[in-house]
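Quick notes on the structure that follows.
No lab work stands behind these numbers, since they all come straight from the coordinates. Computed from a predicted model, the values in this text were never measured in an experiment. Neighbour counts are summed over all protein chains in view; Cβ atoms, including those assigned to glycine, are modelled from backbone coordinates with ideal geometry.
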Ligand code: MIG
């Protein structure tokens, strides 16, 4: 059951799709809500799940999280905000279980037993918000109920479940062709190559640098004929440049965010000085979304939206402040330690500065609103703008779309990647843990930069990361400019990488089928063990996941391991992969097991009396034969197989068959 409470007159977020009547009196809120703060008692048998892809573990207890979309590329354990703001959680303890969704785009802080170990305190920095209180007989039912409230999740084309190679630093056609050729030469599966900011002319959205891509359209086609798609990036900031159509039109029509004086707000990002499209305005959304046509007309079938927190490198205000600090200290005789830090901070604090956000204004279809009241909606609405218009531009075929920043509601228009992680072992675990909270919030097409974005990825780390990512819907290897090149062919044991990617393609019939059923039924594709098993051990496991209804995984995310302890909450069948095929199958009893997996091996566990479809090796999604499949797992059982054409927009129960 869903109850809705309203305080004040909240800004419309369009996060939800159901019309729920407002209840004046909600028992639990009467007890816990005071002055925009909710306080729940917790103890060490409390579990808080959700909050999207926020930092730290699956159970959010013990730390504090702030919903405030932030362009922070260093995801250390202490960070409280990453790129997204997803305000749905479930609280479960010995007495109760319920879900709550705070529908408000302002800053919201969740102090989950951090400041006070026995209190879970939520602070909403506004007097206007909706709170949905969701009950059900268990967590899965609550999540399902919530997901029906927020509407069906985005569905990409099936080829987007193939393997993708990306890197910031592919400069021109030659670089891209090199990637393509190397994947082909090494016979490694590939469906997508990503274009980062260097394909554009001076980082201007919806332009092509013609020196680097002299015949873009032809090139796109050529690669497409091999069934590989080029997926360009789109940034939020629009370069200020006379004669540049997107800039000229945006100014003329008043579609950019404004400053205090009602002039287009000026910030600086990759193109230098930019204006930010006012994605909170429906006309501006339509206008910007239609711009994707430029690339679609050139054969492009997918996009990734970046820098949409929005990220701001600096503004004139920041620069002025910096210089005035320098001036202030220039003639000082004794510059003290604190003076120096003060001066240094005026340089360092320039990006994503609160003072800059404070001075941005939006036109919400007639109502002028300060940015802080809608900050968390910006990236969401950039991707909504793209999603809505791309659907008009391509009514038949699905297109790939995912975003960096997000808010619940955006899950209907695109997927997300988890942003700038590092080549750290701890970030394999972070990625494993982020997946479940994202699914709870409706984000289904998800994945992390495989191998890590910043830093240098070693061969063994890439191997283990790839083994986990075999199961993430978005399986994209991405890295930053200046880091060690980490395309799979850059390492010594290319065969081992090829073999893992082969397994991915053999499992796509399963992965896609589970994805589609999860979307259709408002279920989770990635689940913590505790959502299905309630024994004392399962409820505490943070490094094993359920994938769909049949598989459990226990990835290796630490260096120098040739195996790990795996907990089986019930009897399961171990399937060990090596060399692109199964090398071992064994039924294991419930309990702890040490499972040996050398660097080039990995294991999955099939739940009791279940089986999964297993295809033949393919090097591209188009080569997968979805009809001629075999099975792994238990015999004398059936599997519910979702099998459509993978590309048209019609989604239906009728594609589910029992096999
Ligand atoms: O300021 O486009 O998260 O994936 O490669 C960095 C360059 C901008 C941040 C994205 C990353 C992308 C990078 N971008």
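Averaging the sequence gap over all C-alpha pairs within less than 8 Å and six or more residues apart, then dividing by the number of residues, gives segment 354-510 a relative contact order of 15 percent. Taking the number of Cβ atoms within 10 Å of each Cβ as an exposure proxy, the fewest-first ranking of 444, 100 is 100, 444.
Could you grab the relative contact order for the chain? Cα pairs under 8 Å, six or more apart, rounded to a whole percent.
About 14 percent, as a whole number.
Centre-to-centre separation between the Cα atoms of segment 288-349 and those of segment 50-108: 26 Å.
When 129, 380, 63 are arranged by Cβ crowding within 10 Å, least crowded first, meaning fewest neighbours, the order is 63, 129, 380.
Across the chain, the volume of the C-alpha convex hull divided among the residues equals 168 Å³ per residue.
Applying 0.36 nm per residue to the separation of residue 123 and residue 319 and subtracting their alpha-carbon distance, the gain on full extension is 67.3 nm. Look at where the Cα atoms of segment 362-411 and of segment 634-659 average out, and the two centres are 31 Å apart.
Each helix, a run of at least 4 DSSP H residues, gives -39500 (n - 2.57); summed and divided by the residues of the chain, these come to -7500 deg cm²/dmol at 222 nm. The Rg/Rh ratio of segment 578-651, with both radii computed over alpha carbons and Rh defined as the Kirkwood radius, is 1.02. Among 258, 616, the order by Cβ neighbours within 10 angstrom, fewest to most, reads 616, 258. Compute the FRET efficiency between residue 459 and residue 252 as 1/(1 + (r/R0)^6), taking r as their Cβ-Cβ distance and R0 = 56 Å, and round to the nearest 0.05. Once the sixth-power term is evaluated, E becomes 0.60. Computed extension length for residue 349-residue 598: 85.1 nm, one decimal, from 0.36 nm per residue of separation with the Cα-Cα distance subtracted.
Want the number for residue 22 to residue 263: 0.36 nm per residue separation, take away the alpha-carbon distance, what's left?
Separation in residues times 0.36 nm, less the Cα-Cα distance, equals 82.9 nm.
Relative contact order for segment 30-156: 26 percent, from Cα pairs under 8 Å spaced at least 6 residues apart, divided by residue count.
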